[in-house]
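Structure, as structure tokens:
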Amino acid sequence: MNSPAHSPALESALERRRIRLRGLVQGVGFRPHVYRCAARLGITGSVHNGPEGVVIEAQGVRLDDFVQLLQREAPPLARIDSLIQAPMALGQGSGFEILETAPGAASGAAIPADTAICDACLGELFDPGNRRYLHPFIACCDCGPRFTMTRRLPYDRANTSMADFALCQACHAEYTDPASRRFHAEPVACHDCGPRLSGDIDDLASALGAGRIVAIKGLGGYHLACNARDHTAVENLRQRKLRDGKPFAVMVLNTASAARHVQLDATAAAALASPERPVVVLPAPGLPETGDPPPLSPALSPGLDTLGLMLPYTAIHYLLFYALLGKPPGRQWLDEANELVLVMTSANISGDPLLIDAGEAQRRLAGIADLVLHHDREIAARADDSVLRVTPGASTIIRRARGYTPHAISLAKDGPRVLALGAHLKSTVAMTRGDLAYISQHVGDLDTPAAVAFHAETAAALQAMLQARPQLLACDWNNDFASTRLAEQLSASLDLPLVRVQHHHAHAGAVLAEHGREAPALAVTLDGHGTGSNGESWGGELLLVDGGSFERLGHFAPLALPGGDAAAREPWRMAAGVLQQLGRGDEIAVRFASQPLAPALAQLLATGAAPVTTAAGRLFDAAAGLLGVCDRASFEGEPPMRLEGLARQPLALRNGYTLATGVLDFSPLLARLADCREPALGADWLHGTLVEAVTEWVAAAALLSGVDTVALCGGCFLNAHLAREIPARLQQRGLQVLAATAMPPNDGAISLGQAWVAQRSPRQH
Ligand SMILES: [Zn+2]
Ligand SMILES: [Zn+2]
Ligand SMILES: [Zn+2]
């Protein structure tokens, strides 16, 4: 490098570095970004995808500027978690090269998540002069399907379902041009070479207008859709889908339209419009709408004061709104409020996973949808819409799937590779590699053979994605879970140790994992049933968690669970159990006269033979039954959701609970609820008393144990009152509060928690 052309000053400044970047830097247009930065600053060298991220070799005189530019102008979907530089010996070569990914070099880090259509593509979609005008599969480096179309690694077009569509010349030119927004954008397509719809979007729009139910193939599955203002259509959909009261999500064109139906602050608006495009559950004040257009059907979310909304995220969605609005010119209509509200609910039937196969979808949707719009791009991986709850001051993930999967959670340290099989409800699978934990998309409840099969496929897919074998397996203490049985089978066939993790220990582990907390911490789990010691039913627990071990410091006083699982679906049974415990068993048959089994249940309770539970979820059920808010739940979580909807000004009852040796007893509260004639007032007492009691409970344990950090976990923390008030009170007491943010507080996070606990457990067979 002693070229006479270089001045001595320049030559001394000329240097070469290896720069490694980790984070979301693959499949997001990062390599062309590096190329463009290099071109601007006259840097030579190369960039390629390595197993853990992007690797750059850069040579020039302005390398510090280069590194700054890389970060400052990173592509919209990129996230740089770390950047490490090391000096190298100067090299030859004049240009800057984008090197192909070496086979075997790619890994899980390389599959990005699906992303909503970007502004640039949306502009082209409605630009009559663009060659992709109205193309339903328009995409680029910054947007489009990713995870849901990936068949295998490395993430290259040949390994995605876009492999079925050979690029035309024009698309190929863009795909191979580093200056193009479509350089190596794997879903790139156009009218000439891309996937095709099976029908016409105009027909779909007409059917919706005529009150029909339609099915639409999307990124990770099919949606069922109808006009949300057409009460008959919504009722029909509910009936045909056999879904009873479970709320339906709706789609509106933009945030301006959303603001007509829900309380929308800046946080909520940002969540709605985020590239992940989750369903966002928001407070719906339910203002009476009159006249034209008709109000939203009350059957969308019966009895609840919330509404789940999402914005369009594919070109097909936008084309549908375009057709429904009469094909307005220009782009202004995209931001203007309008009256259109479409039900957009996942087409999963009778507890089975999402339909993805066209033939099966056609067959199984025949009795539900009047019209099905297919397309010929295969769905390689199922993914439901993700669901987020946003309330003033809190944003919580309810379901983590499309848009988030397969992004990893960073752990505080390396550990053995664990494959964790999750729980039974809202199941997910997790696998760790190095200091990252990969959590599968939401698999769902493992109640049907199809769901159990999907769960096993997901476990296999995760190992394939990470191109690694686990060293350790983890599962729940409950031997009846399909997830536990799969773990046992894998343990035998792979000859790997299996760590069984208590359900609420796993809940706590998930929160501690997310926050990188290694020191002992208190954990409050307000949850549904989880198997405890000696087969007990736990779920209102105060644990002291120290990595792989825990101590049970306290729990809710046990409530009778007459009929076991049936009691979890029929709050009147929990209420009957409470009446018996209060010495008022003679009221059971009278109060629940509409329940044919009430007299028999009263007899059973009188013998004291019913099992018991400490689950906080069942305390809510008992309250719902006593207040007459909900005798039978039509979906999991309905009774607490209804109580939450009723509560306005949570108010702690004086002497509403007792606390002795760690046992929190709500009998005084329950006695008051049994005599309360105003459900809303009862709901206020329930929430207020719970908040105060849990605060005192934790504060006392913190004082005794000397541990001042507390993790909050369990499905009850989806309750907005508890999620807001309990952390605020505990912080006032000087405690450090850790809550679920990147993961859901419910059983969707159990797999992550199991993996975290297993890594810290003394190994066992
Ligand atoms: Zn785009
Ligand atoms: Zn093309
Ligand atoms: Zn749980």
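For S751, S180, S634, what's the fewest-to-most ordering of other Cβ within 10 Å of each Cβ?
On the way: S751 35, S180 16, S634 13.
Arranged by neighbour count, lowest to highest, S751, S180, S634 become S634, S180, S751.
Can you compute the label reach from H191? Point 7 Å from Cα along the Cβ direction, backbone N cut-off under 19 Å, restricted to segment 362-390.
What the label zone holds, given the 19 Å backbone N cut-off, is 376.
Using R₀ = 41 Å, calculate the FRET efficiency as 1/(1 + (r/R₀)^6) where r is the Cβ-Cβ separation of A519 and E15; round to 0.05.
Values: r = 42 Å, r/R0 = 1.02.
After rounding to 0.05, the efficiency reads 0.45.
Highest mean first, how do 414-426, 50-62 rank when packing is the count of other Cβ atoms within 10 Å averaged over residues?
Details: 414-426: 23.9, 50-62: 20.3.
Order by mean packing, descending: 414-426, 50-62.
Highest mean first, how do 385-392, 213-220 rank when packing is the count of other Cβ atoms within 10 Å averaged over residues?
Numbers: 385-392: 22.1, 213-220: 23.8.
Ranked by mean Cβ neighbours within 10 Å, highest first: 213-220, 385-392.
With runs of 4+ DSSP H residues as the only contributors, calculate the mean residue ellipticity of the chain at 222 nm using -39,500 (n - 2.57) per run, divided by the residue total and rounded to the nearest 500.
Numbers: 24 runs with 243 residues, N = 765.
Theoretical 222 nm ellipticity from helices: -9500 deg cm²/dmol.
With the contact rule set at Cα under 8 Å and sequence spacing of 6 or more, what percent relative contact order holds for the chain?
Details: 1732 pairs, mean separation 86.1, N = 765.
Answer for the chain is 11 percent.
So if we plug the beta-carbon distance of A566 and E678 into 1/(1 + (r/R0)^6) with R0 = 30 Å, what FRET efficiency do we get, rounded to 0.05?
Working: r = 28 Å, r/R0 = 0.94.
For A566 and E678, the calculated efficiency is 0.60.
Measuring from label point to label point, each 7 Å out along Cα→Cβ, what is the A273 to E551 span in nm?
Label-label distance for A273 and E551, simple model: 5.1 nm.
Write down, largest first, the equivalent ellipsoid semi-axes of segment 399-518 in whole Å, where each equals the square root of 5 times an eigenvalue of the alpha-carbon gyration tensor. Please list the in-between numbers first.
Details: eigenvalues 78, 52, 46 Å².
Sorted largest first and rounded, they come to 20, 16, 15 Å.
Cut-off under 21 Å on the C-alpha distance; same-chain residues fewer than 8 positions from K327 excluded. Which lysines are left, in chain and number order?
Leaving aside lysines fewer than 8 places away in the same chain, none come within reach of K327.
For segment 394-401, in order, what is each residue's ³J(HN,Hα) by Karplus, 6.51 cos²θ - 1.76 cosθ + 1.60 with θ = phi - 60°, in whole Hz (x at glycine and Pro)?
Working through the residues one at a time gives 8, 10, 10, 7, 9, 9, 10, 8 Hz.
What does a probe at E488 reach in segment 528-551, counting residues whose amide N is under 16 Å from the point 7 Å along Cα→Cβ?
From segment 528-551, the list is 531, 535.
If you take every residue apart from L690 with its C-beta less than 12 Å away from the C-beta of L690, what net charge results, scoring Lys and Arg +1 and Asp and Glu -1? Write out the running numbers ahead of the final one.
Working: positive: R729; negative: E644, D684, E692, E696, E725.
Neighbourhood net charge equals -4.
For segment 728-735, what does the Karplus curve 6.51 cos²θ - 1.76 cosθ + 1.60, with θ = phi - 60°, yield as ³J(HN,Hα) per residue in whole Hz, taken in order and with x for Gly and Pro?
4, 5, 5, 5, 4, 8, x, 8
With each pseudo-label sitting 7 Å past Cα toward Cβ, what's the D292-Y175 distance in nm, one decimal?
A separation of 5.0 nm, rounded to one decimal place.
Using amide H atoms built in the peptide plane, which far-off residues or other-chain residues are under 5 Å from A557 H to H?
Close amide H contacts, sequence-distant or interchain: L664, D665, F666.
Arrange H455, H172 by Cβ neighbour counts within 10 Å, fewest through most, would you? Walk me through the intermediate numbers first.
Working: H455 24, H172 14.
Arranged by neighbour count, lowest to highest, H455, H172 become H172, H455.
Need the list of lysines near K241 for cross-linking: C-alpha distance under 20 angstrom, and skip anything on the same chain fewer than eight residues off.
Excluding near neighbours in sequence, the set is K217, K426.
Can you give the FRET efficiency to the nearest 0.05 for Q603 and K413, using r as the Cβ-Cβ distance and R₀ = 51 Å?
On the way: r = 56 Å, r/R0 = 1.10.
The value I calculate is 0.35.
Could you list H442, H515 in order of exposure, starting from the residue whose Cβ has the fewest other Cβ atoms within 10 Å?
Details: H442 26, H515 18.
The most exposed by this proxy come first: H515, H442.
Please list, in chain and number order, the residues 5+ apart from M88 or on another chain whose amide H is under 5 Å from its amide H, with Hs placed from the backbone.
For M88, the qualifying residues are R16, R17, R18.
If you take every DSSP beta bridge fully contained in the chain, what fraction is antiparallel? Give it as a percent rounded to 5. Could the numbers behind the result be given before it?
Numbers: 76 of 105 bridges.
Looking only at bridges with both residues in the chain, the antiparallel portion is about 70 percent.
Would you mind calculating the relative contact order of segment 634-687 from Cα pairs under 8 angstrom and at least 6 residues apart, reporting the percent as a whole number?
Worked out over segment 634-687, it gives 46 percent.
Please report, in whole Å³, the volume per residue of the convex hull around the C-alpha atoms of segment 318-473. Each step should come with its number before you reach the end.
Values: hull volume 29.2 nm³, N = 156.
Per residue, the Cα convex hull of segment 318-473 comes to 187 Å³.
Could you work out the pair-distance distribution P(r) of segment 679-737 from its alpha-carbon pairs, with 10 angstrom bin width and percents rounded to whole numbers?
23, 53, 20, 4
For segment 202-343, evaluate the Debye formula with one uniform point scatterer on each Cα (no solvent term) and list log10 I(q)/I(0) at q = 0.11, 0.12, 0.13 Å⁻¹, rounded to two decimals.
Those come out to -0.38, -0.45, -0.54, one per q.
Per residue, how big is the convex hull of the chain when only Cα atoms are used? Give it in Å³. Could the numbers behind the result be given before it?
Working: hull volume 135.2 nm³, N = 765.
Taking only Cα atoms, the chain has a hull volume of 177 Å³ per residue.
We did not get these values from a lab; they are worked out from the coordinates using the rules stated. Small disclaimer: the values here were computed from a predicted structure and weren't measured. Neighbour counts run over all protein chains shown; Cβ positions are idealised from the backbone, glycine included.
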